[in-house]
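Okay, so here's the structure we're looking at.
The values are calculated or read from the model by the stated rules, or taken from the named source; none is laboratory data. The structure displayed is predicted, hence computed values, not measured ones. With ligands, DNA and RNA removed, areas are computed over all heavy atoms of the protein, side chains included. Shrake-Rupley method; radii C 1.70, N 1.55, O 1.52, S 1.80 Å.
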Amino acid sequence: QVQLVESGGGLVQPGGSLKLSCATSGIIFIGSPMTWYRQASGKQREFIASITRRGGTNYADSVKGRFTISRDNAKNTVSLQMNNLKTDDTAVYYCAIPASNFWGQGTQVTVSS
């Protein structure tokens, strides 16, 4: 059974940082590209960042330079370091393998003063 479990969300002030993690099981993690998406209330789910099995990364323009995606193949986890957070970053964040339609349950990130 495939499981993607996000953690690390919470409430943070503008300009602050959070690190999200996604623990995976039931997949061959080392061979899987991993992706982070987010969905703000009333908006469509949007792509945030992806990392290939070899560590190549890609980011949405809205987060480039502020967010960093990384993976630990030994621990079967993918992380998203988020710095200089803005109120517009408030959303539920999901890790996913979209090609296989595997999605986590999401973790809420709220950026507010």
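Go ahead and set up a Gaussian network model of the chain, Cα springs under 10 Å, then flag whichever of 26, 55, 65 fluctuates most. Looking only at 26, 55, 65, the largest GNM fluctuation is found for 26.
Accessible surface area normalised per residue over the range 1-69 is 57 Å², counting heavy atoms of protein chains with a 1.4 Å rolling probe. Of all DSSP bridge pairs formed entirely within the chain, close to 90 percent run antiparallel. For the chain, modelled as a GNM whose springs connect Cα atoms under 10 angstrom apart, the maximal fluctuation among 81, 44, 13 occurs at 44. A Gaussian network model of the chain, with springs between Cα atoms under 10 Å, assigns the largest mean-square fluctuation among 29, 102, 47 to 102.
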